[in-house]
1. Within the range 192-223, how many residues turn out to be charged (D, E, K, R), farther than 18 Å from Y37 by Cα and open to solvent by 50 Å² or more (accessible area, probe 1.4 Å)?
2. Residues of the range 147-162 being open to solvent by less than 40 Å² (accessible area, probe 1.4 Å) and within 10 Å of I193 (Cβ to Cβ), which ones?
3. Got at least one residue in the range 296-317 being open to solvent by 30 Å² or more (accessible area, probe 1.4 Å) and either assigned to a loop (DSSP other than H, G, I, E, B) or in contact with a Cys (Cβ under 7 Å, 6 or more places away or on another chain) (or both)?
4. Can you tell me which residue in the range 171-191 is surrounded by the most Cβ atoms within 10 Å (Cβ to Cβ), limited to those that are among the acidic types (D, E) and within 23 Å of S263 (Cβ to Cβ)?
5. Would you please name the residue that is modelled with the lowest pLDDT, looking only at residues in the range 161-204 that are among the charged types (D, E, K, R) and in a loop (DSSP other than H, G, I, E, B)?
6. Test of understanding: among K348, K320, which residue is in a helix (DSSP H, G or I), exposed (fewer than 13 other Cβ atoms within 10 Å of the Cβ), under 27 Å from the mean Cα position of the chain (by Cα) and at pLDDT below 95?
7. Consider V329 carefully, then state whether it is part of a strand (DSSP E or B), open to solvent by less than 20 Å² (accessible area, probe 1.4 Å) and closer than 30 Å to I259 by Cα.
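The values are calculated or read from the model by the stated rules, or taken from the named source; none is laboratory data. Given the structure is predicted, the values throughout are model-derived calculations rather than measurements. We place every Cβ from the backbone using ideal geometry, glycine too, and count neighbours over all the protein chains shown. Protein only, heavy atoms only, side chains kept; ligands, DNA and RNA dropped before computing areas. Shrake-Rupley method; radii C 1.70, N 1.55, O 1.52, S 1.80 Å.
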Amino acid sequence: MKLICISIIAVLMALQLTSCADPKTLEKIGMITTVGYDKLDEGIHTTMLILETDPKSMESTNVISTDGLTSKGARIKANQKSPKKLMSGQLRVALYSKEVAEDGLINLADTLSRDHSISDLTYLAVVDGKASDVLGRKYEQFSDPGQYVFKEIEQNIKGETIPSPTLHEMLHDYYSVGVDPILPLIKMENDIISIAGMALLKNDKMVGTITPTQAFYVKLVNDHYEAGNFEMILRNGENASLMKGQDSSSQVAIALDTIKSKSKIQLADQEKNEFDLKISMNARLQEINRTIDLTNPKNLKLLDEKISESMKKEIEELIKSCQSVDSDVFGFGEVYRSSVTHSDLTRKKWHSMYKDMKVNVGVDFTIVRTGVVE
């Protein structure tokens, strides 16, 4: 009986102590889900999307915009405009205008990483224009632009269309010697938000862009595919033509899915700064827009060769394009640093070497089975 009384008293004391704490209920806090940064002459313009938790509200989010010399200063001013205390624990996407990205975004990204409440899986992206234009307007198609951007990036990552652009990955690439970050490029046209490509960074500054097609090849080099899909165009060719009797410039469009790939980069010659890039890949031919007899093994073999040649050429051109803007999003510098003992490689040293780097690309592609033929 004495034990029961002691237990009851302990529970009552615990409840009393709990009631003294400051409860962070949904009615008292404003959850920031998306933040956008735009450049000012002095300071930064910050746009925040706040999740609306009031069931009586007609809007799913509220927008608060403020100016500050720092992002934290803008956050303080935003709190002065909000009836609820603003919290960052639900932040999912951070958007940076093209001007901010070109000026350097490491300070803004590093600030997010220092906030223990913000997940390192938060997506980062560059806006072709102003972030406030994307987050601050009303859309007929969707009520929450932040959630729309988040889901758009997420499904393209899961669909293996673009490389993953999390806060953790961006900071890892920035602080690692021999590799540069790459982020999605968001564009708004006719009230439609889409991924227009990828932004190439040198250190933390945007120096160029690539198309969504080229983003496929970046992932092909850097990572491996497990179930990706892709569309490409092949030329008929002269000596070995897919379509007999057709002009050599005639084009064949094909769609591939269930893509599986592996890639390996090796330093071939330290003195010449030469690398070997080998990619092995297989996929299902889902669709082809020309009448080609795919039951003939010779045609399938020829198709394999043409796809391999086309991908090899595209990758070589992409590497040269990245070299021209001095952005090593492939991580060749990391391979060099890990291969050369006591290389003492620095960012400055690698970027001076990178522009003259030579890469021998090899692609081995195989069609594992055919699908729908149009």
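1. 2
2. Correct list: V149, E152.
3. Checked the range 296-317: at least one residue is open to solvent by 30 Å² or more (accessible area, probe 1.4 Å) and either assigned to a loop (DSSP other than H, G, I, E, B) or in contact with a Cys (Cβ under 7 Å, 6 or more places away or on another chain) (or both).
4. Only one residue fits best here, namely D180.
5. Result: D191.
6. K348
7. For V329, the condition - part of a strand (DSSP E or B), open to solvent by less than 20 Å² (accessible area, probe 1.4 Å) and closer than 30 Å to I259 by Cα - is not met.
Quick grid of which residues meet (1) under 18 Å from the mean Cα position of the chain (by Cα); (2) modelled with pLDDT of 95 or more:
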| residue | (1), (2) |
| --- | --- |
| A109 | yes, no |
| S113 | yes, no |
| S117 | no, no |
| V126 | yes, yes |
| Q141 | no, no |
| G146 | yes, no |
| V149 | yes, no |
